[in-house]
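Report on one structure; see the data block that follows.
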Amino acid sequence: MYQLIYVSDKTHTFVPSDVDSILFSARKNNEKFGITGLLVELPEHFIQIIEGEKEKVEHVFQLIAKDERHENLRVLLAMKTLSREMAAWAMGFSEKLSESQLRDALHILNSFSKKQNFSDIHGKSIKLLLKSLSPE
Ligand SMILES: Cc1cc2nc3c(=O)[nH]c(=O)nc-3n(C[C@H](O)[C@H](O)[C@H](O)COP(=O)(O)O)c2cc1C
């Protein structure tokens, strides 16, 4: 099992209704590829975790990276894991963050937005954040 977490910046071509088509494609393709994950939408960014077989995760990440609705993708974590941690969703979506969740998310992002390389600590803190945002 392999996990990848990235953060990206929305582009000016992104419009709010795009989320529906993103989730539609994601759920269709991810089911086919055995990928699960969570997409978090922030006012200016996306954070996404995808997990599955390494080759499949890398393939889907290539598709996602070409998408013009976002840019400047930064991988925060890419590692083998023992088991699925987002097993319930072909692609879960966290849309309504509370004010404090949004503050936490932005705080973590701002703390590494200027860095080119991310340490384990960054990856792990963003993963904890994603787990806390999971729409269970
Ligand atoms: C923030 C973001 C997250 C996305 N996540 C996924 C995903 O998890 N899986 C996926 O197949 N496509 C995802 N997409 C959509 C892909 O970029 C692409 O549009 C899609 O794979 C095209 O598939 P289709 O032509 O079969 O609909 C995402 C796009 C964006 C902007």
Reported to the nearest 10 Å², residue 21 has, with a 1.4 Å probe, an accessible area equal to 50
In the chain, how does Rg compare with the Kirkwood Rh, expressed as the Rg/Rh ratio over alpha carbon atoms?
0.92
Given charges at beta-carbon only (K, R positive; D, E negative), |dipole| of the stretch 2-133 in Debye:
340
Size descriptor, Kirkwood hydrodynamic radius, that averages inverse alpha-carbon separations across the stretch 54-103, Å
13.7
Set Lys and Arg Cβ to +1 and Asp and Glu Cβ to -1, take the dipole of the stretch 3-91 about its Cα centre, and tell me which of 34, 21, 75 lies farthest positive.
34
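The values are calculated or read from the model by the stated rules, or taken from the named source; none is laboratory data. Only a predicted model underlies this, so the values are computations on that prediction, with no experimental measurement involved. Using ideal geometry, Cβ is built from the backbone for each residue, glycine included, and neighbour counts are taken over all protein chains shown. Please note that ligands, DNA and RNA were not included when accessible areas were found on the heavy atoms of the full protein model with its side chains. Shrake-Rupley method; radii C 1.70, N 1.55, O 1.52, S 1.80 Å.
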